[in-house]
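Novice: One structure, as structure tokens, below. Some questions next.
The values are calculated or read from the model by the stated rules, or taken from the named source; none is laboratory data. Note that the coordinates shown come from a computational prediction; the quantities given were computed from them, not determined experimentally. In this analysis, Cβ positions are derived from the backbone assuming ideal geometry, glycine residues included, and neighbour counts consider all displayed protein chains. Keep in mind that these areas ignore ligands, DNA and RNA; they rest on the heavy atoms of the full protein, side chains included. Shrake-Rupley method; radii C 1.70, N 1.55, O 1.52, S 1.80 Å.
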Amino acid sequence: MPGSTPSSCLPQWPNDVGIIALEVYFPSQFVDQTELEEFDGVSAGKYTIGLGQARMGFCSDREDINSLCLTVVQRLMEKNGLGFDSIGRLEVGTETIIDKSKSVKTVLMQLFEASGNTDVEGIDTTNACYGGTAALFNAVNWVESSSWDGRYALVVAGDIAVYASGSARPTGGAGAVAMLVGPDAPLALDRGLRGTHMTHAYDFYKPDMVSEYPVVDGKQSIECYLSALDRCYSVYRSKIHAQWQRAGVEKSFSLEDFSFLAFHSPYCKLVQKSLARLMLNDFLVSSPSSQTGPFADLEAFRDIKLADTYFDRDVEKAFMKASAELFEKKTKSSLLISNQNGNMYTPSVYGCLASLIATHSPQQLAGQRVGLFSYGSGLAATLYSISVTEDHTPGSPLDKLVSSLCDLKARLDSRRKVSPNVFSETMKLREETHHLASYTPHGSVEELFPGTWYLTRVDDKHRREYARCANIDDLPEARQTMSNTSTEHIVGHATKLPCVRASAVSPGEVVSNGDH
């Protein structure tokens, strides 16, 4: 058990450091993208086929970045039966900034008060959608360092992705992911196998400090994303080739060496195009092919340059067609949350990882290598890999991890569908009130999932107070209240259920293979 070993006895290099447990939270309401197409007056299929999106989760004014992270952390700890004294580092990755000084991590420390544990390192990390990956790397590096004291690290990635009305709005979403990090993990990060690319760009940024909305150059953002993917893949291949050569293995790395691939997903169609992009990279370093194999009928593109192909429709269509089987096999299952909930920003790629785990058995995952591409505008990007443990026996860490996510699709299906008009009114309310002091939220608490933390008020000094809906296991106990200005935890008795689960709705397709 991490935390029980004296630091003087800890090994220099803990084995298989990575993700031990993972929890996902998304809002209890969504808007249907088909209905949003009609409401926005755009052509049918623009959002559902062109973007590959079916539903978009969103928050009322009852939820903010603090409440999202409070909820996902508490759920992970409860699900895994962990005490808060077992955590020695807590890192938060987010770009949803509601305070320019006070970190979300410090708000989360209220959950630790009953345990008496204040010896917890780490703060927030911010760079668009890359902050969650930076937080994960920091946590892994801590466990592998001389600073590690034997306890777990906890990584939280959370965001509310909202856009002004217009073409970018359907690429929004909201949610949070919490990851427990330590040694002997079922999902171990591969040491020395990170391909990173960082440079300066104004493709997506948030210069208006009183607005939730970003400034976006859509075309430049796509080019930045794809060019970063090219560079990261090239660096990753060089590093794994060097590892193989040192081990006496002479072979070339290709997409076939990844069992699965998950990508940061602004929208699902870009992920499908990204896998095709990696096949293009493989093709350009391969030997001229015969009439058979994955590159058959692609020789006409032999002399193209990557930098000239970001918006080349002929190249895109040819390699999407050639990579269709790989997409179905290696990536499509990772898009469950992205398709049904939208872009969560920093948690996006980890929501894809959760989707991948939730849609496969421990036996299917055991021993596999998973590639993950994380991208944050501005820009920062990394392609890295995770090795899944071979042990898939009942009760093993991998079995427990898969079991903890087995209800993911049912949770998505249990959300409440609201009309585009209600969605639009909610966005207007958030736009007008999210930065106000002396504010009491209007949104209904009754419609939140059981166990959800929510905002109760913002006082005249901008201090935020929260309460928690009764957990489904705790009913009929009342919500636990929490304030940023108090260390007291109060538990009472509810006169009625503070939250009820929404009725189920029929699920949509995970992703469309069409183009628009």
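Novice: Hey, any hits in region 371-384 for a residue that's open to solvent by 20 Å² or more (accessible area, probe 1.4 Å) and among the polar types (S, T, N, Q)?
Specialist: no
Novice: Please enumerate the residues belonging to region 200-212 that are in contact with a helix residue (DSSP H, G or I) (Cβ under 8 Å, 6 or more places away or on another chain) and surrounded by fewer than 19 Cβ atoms within 10 Å (Cβ to Cβ).
Specialist: Residues satisfying the conditions are Ala201, Tyr202, Ser211.
Novice: Let me ask something additional. With crowded, with 21+ Cβ neighbours inside 10 Å and β-branched (Val, Ile, Thr) as the only criterion, which of Thr71, Thr118 stands out?
Specialist: Thr71
Novice: For the structure I just gave you, tell me whether Gly367 is open to solvent by 20 Å² or more (accessible area, probe 1.4 Å), part of a loop (DSSP other than H, G, I, E, B) and under 30 Å from Ile97 (Cα atoms).
Specialist: For Gly367, the condition - open to solvent by 20 Å² or more (accessible area, probe 1.4 Å), part of a loop (DSSP other than H, G, I, E, B) and under 30 Å from Ile97 (Cα atoms) - is not met.
Novice: If you scan region 1-23, which residues turn out to be part of a loop (DSSP other than H, G, I, E, B), surrounded by fewer than 21 Cβ atoms within 10 Å (Cβ to Cβ) and modelled with pLDDT under 95?
Specialist: Filtering region 1-23 down to residues part of a loop (DSSP other than H, G, I, E, B) leaves 1-6, 10-17.
This time we only want the ones that are surrounded by fewer than 21 Cβ atoms within 10 Å (Cβ to Cβ), so: 1, 3-6, 10-16.
The answer is Met1, Gly3, Ser4, Thr5, Pro6, Leu10, Pro11, Gln12, Trp13, Pro14, Asn15.
Novice: Out of (1) open to solvent by 10 Å² or more (accessible area, probe 1.4 Å); (2) within 21 Å of Val92 (Cα to Cα), the odd one out for Gly218 is which?
Specialist: Single failed check for Gly218: (2).
Novice: Another question, if that's okay. Can you work out which of the residues in region 156-197 that are touching a residue at least 24 places away in the same chain (Cβ under 8 Å) and over 26 Å from Ala354 (Cα atoms) is surrounded by the fewest Cβ atoms within 10 Å (Cβ to Cβ)?
Specialist: Taking the candidates together, the pick is Ser165.
Novice: Regarding region 102-114, can at least one residue be identified that is out of contact with any His (no Cβ under 8 Å at 6 or more places or on another chain), in contact (Cβ under 8 Å) with a residue 60 or more places away in the chain and not hydrophobic (A, V, I, L, M, F, W, C)? Spell out the reasoning first.
Specialist: Going through region 102-114, the residues out of contact with any His (no Cβ under 8 Å at 6 or more places or on another chain) turn out to be 102-112.
Retained after the next criterion (residues that are in contact (Cβ under 8 Å) with a residue 60 or more places away in the chain): 107, 110.
When the remaining residues are screened for being not hydrophobic (A, V, I, L, M, F, W, C), the result is 110.
Scanning region 102-114 turns up at least one residue that is out of contact with any His (no Cβ under 8 Å at 6 or more places or on another chain), in contact (Cβ under 8 Å) with a residue 60 or more places away in the chain and not hydrophobic (A, V, I, L, M, F, W, C).
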